[in-house]
Amino acid sequence: MEIALLGGTGDIGEGLALRWAYDTDHEVIIGSRDAERAKNKAEEYRTELDSRGVEASVSGYENSEAAARANVVVCAVPAYHLTDTIEAVADDLDEGDVLVSPAVGMKRDEDGMHYNKPGAGSVTALAAGAAPEGVPVVGAFHNLAADRLANLDADLDVDTLVVGDDDGAVETVSALADAVDGLRALSAGPIANAAEVEAVTPLVINIAMNNDGMHDVGVKFH
């Protein structure tokens, strides 16, 4: 399978790229608004993997070309860039491709981080509204600690909640999550439930900010 990470040069994009390249045989494609930046990051990721004896397929392209080359497209960009990013690559998505959004809207004040719920009801719903017809959207990977994800020496042992209205797309993304060692996908229902899932992220960040030794805290359900 070909997986494109639009914004794959950022923190969550880096973590997902490294984990999929390290734990699976999928082709990983790094996307960026700047093609040269994407190529440089892809080379950086290959160097890290090579140092661990892993020869992986990791390449870098401008976002549109990255999306055109993939079956699964992860929009690993901040919430305020999400719809613009999707609209910019809409013509490069084919019917049946799966679009994944890990984005969360948050705002910060002196007390900590808070969920910033958009008018659409959730950021995943925003993504679904921007996606072309025939391209299902799945929300996943919201609550993961990016530093822990990108550290291949770190054991994950965490869950990711997956929401979506297309059963086949949810199964595809869940299988990609489960393929990462130490990561377990759990269905949280349709996109109508995405706000509850996304709102966990500021909670996790607040826990990390207020407790020593919990910088990379994650969520595990028993």
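The set of residues from the stretch 46-81 being surrounded by 24 or more Cβ atoms within 10 Å (Cβ to Cβ) and in a helix (DSSP H, G or I) comprises Asn63, Ala66, Ala67.
When the stretch 23-45 is limited to residues that are over 17 Å from Ala179 (Cβ atoms) and of a type in the set (A, V, I, L, M, F, W, C), the one that is surrounded by the most Cβ atoms within 10 Å (Cβ to Cβ) turns out to be Ile30. Residues that are part of a helix (DSSP H, G or I) and either in contact with a Ser or Thr (Cβ under 6 Å, 6 or more places away or on another chain) or surrounded by fewer than 16 Cβ atoms within 10 Å (Cβ to Cβ) (or both) within the stretch 1-22 comprise just one, Asp11.
In the stretch 150-192, the residue that is farthest from the chain's Cα centre (by Cα) out of those that are crowded, with 17+ Cβ neighbours inside 10 Å and among the polar types (S, T, N, Q) is Thr172. Restricted to the stretch 193-213, and to residues there that are part of a loop (DSSP other than H, G, I, E, B) and either within 14 Å of Asn143 (Cα to Cα) or among the small types (Gly, Ala, Ser) (or both), the residue that is farthest from the chain's Cα centre (by Cα) is Gly213.
Considering the stretch 23-42, the residues that are assigned to a strand (DSSP E or B) and touching a helix residue (DSSP H, G or I) at 6+ places or on another chain (Cβ under 7 Å) include one that is nearest to Ala185 (Cα to Cα), namely Val28. Entry remark, the stretch 120-149: residues being in contact (Cβ under 8 Å) with a residue 60 or more places away in the chain and under 12 Å from the mean Cα position of the chain (by Cα) number 7 in total.
Bear in mind these aren't lab numbers, they're just calculated from the coordinates by the rules spelled out. Being a predicted model, the structure only gives us computed values, none of them experimental. Cβ atoms come from the backbone with ideal geometry, glycine included; neighbour counts cover every protein chain shown.
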